Amino acid sequence: MNPANATLAMEEFRLIRELILKYCGVALGDEQRAHGERRLRERLIALGVPDFRSYYRYLRFDPGGASEIEDAAEAVTTHETYFFREEYQLRAFRDEILPELYRARQSIKRLALWSAGCSTGEEPYTLAMLLLEAGIPQGWDVRIFGSDLSRRVIGHARRGVYGPMSFRACPDRYKRLFFVPDGEGSAVSSDVRALCHFGQLNLVDAARVALIGRLDVIFCRNVLIYLDPSARRTVVDQFYRRLSPAGYLLLGHSESLLGSTTAFEPIVLSSDLVYRRASASVGLSMPPDRLPENEGIVR
């Protein structure tokens, strides 16, 4: 059978999506079978596997299956993003959260941000531009960590070169100040790039997430909506562990923590509702860890 003509039966789709759910927590509904068929057919062609039943057996039993499940998850997940997405929330971060954090962290002069599910990197670089425009106080150690499930999009983020669609919501002044012409588009300037660090990361992998260290702000926008309830609680609990006291969690406009945890307090800002880590360890699915402040990837 030619894999280019393979069709994905509902039974096969349910078997494959269970493996993806176990791997990364992404929940696919029955209505996404046609999308899954189109995207996963590319994996059949790449592997030379004749049909989806054989592909499922490859994922389950072949020595290469552990690596292939990562490619399968990437194939069915969304990586849409652009600079200055949900600008109202970025404005709230810049004008209200950032000044408060600079005051609260004055004694240690350290600020760490995490863009969880950063796709091709536009969000971390946007945060870097906002920080540079606002002015980073002298002597401060400021770092931005961007992570994604997909190694491919993390590679794109590290390259830092973008085409016109990435700039569809980017004010012109930022493009003039922080990008330089490149043969393939516009490249992020060195001062922006210096603040940002990227890595592939599965958010349901607690051991790997623990390596990130303490954070002051986590942006996780339009990621939780794709997770099943159990994975969502696990990820939110990990966010709580990583955040320093009074650290902030910013979600997408269609997301909330309702039904996932009571460990965060909602904070109403002038243009957005965000979440702040409460002082007590309440509402967690698992007990908090005791990672020292000076450990982890982001320091």
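Every read-out reported here was derived from the displayed coordinates using simple, explicitly stated rules and does not represent laboratory data. Keep in mind the model is a prediction, meaning the values are calculated, not measured. Cβ atoms come from the backbone with ideal geometry, glycine included; neighbour counts cover every protein chain shown.
With both labels modelled 7 Å from their Cα along Cα-to-Cβ, the ALA46 to GLU100 distance reads 4.2 nm. For GLY247, the residues whose amide H sits under 5 Å from its own are ARG277, ignoring neighbours fewer than 5 places away on the same chain, with H placed 1.01 Å from N. Which of these, SER256, SER107, SER186, has the largest mean-square fluctuation under a Gaussian network model of the chain (Cα springs below 10 Å)? Checking each option, the largest mean-square fluctuation is seen for SER107. Largest GNM mean-square fluctuation among TYR82, TYR248, TYR174, using the chain with Cα springs under 10 Å: TYR174. Were the residues from ASP62 through ARG151 laid out at 0.36 nm apart, the gain over their Cα-Cα distance would be 29.9 nm. Within the range 128-157, name every residue whose backbone N is under 11 Å away from a label modeled 7 Å from Cα of HIS197 along the Cβ vector. Residues passing the 11 Å test: 142-146. As a rough guide to protection, the peptides 85-98, 129-142 ranked by mean Cβ packing within 10 Å, highest first, stand as 85-98, 129-142. Within the range 141-175, the trypsin sites (Lys or Arg not before Pro) that combine a DSSP coil assignment with at most 14 other C-beta atoms in a 10 angstrom radius are ARG168. For the chain, the Cα gyration tensor yields ellipsoid semi-axes of 35, 24, 16 Å (square root of five times each eigenvalue, largest first, whole Å). Per the Kirkwood formula applied to alpha carbons, the range 3-76 shows a radius of gyration over Rh ratio, Rg over Rh, of 0.91.
Among ALA157, ALA104, ALA73, the largest mean-square fluctuation in a Gaussian network model of the chain, built with springs joining Cα atoms closer than 10 Å, belongs to ALA104. May I ask for the angle, rounded to the nearest 10°, between helix 229-242 and the longest principal axis of the chain, with both axes built from Cα atoms and the value confined to 0 to 90°? Once rounded, the angle reads 30 degrees. Distant-in-sequence amide contacts of ASN202, defined by a placed amide H-H separation under 5 Å and a gap of 5 or more residues or a different chain, comprise nothing.
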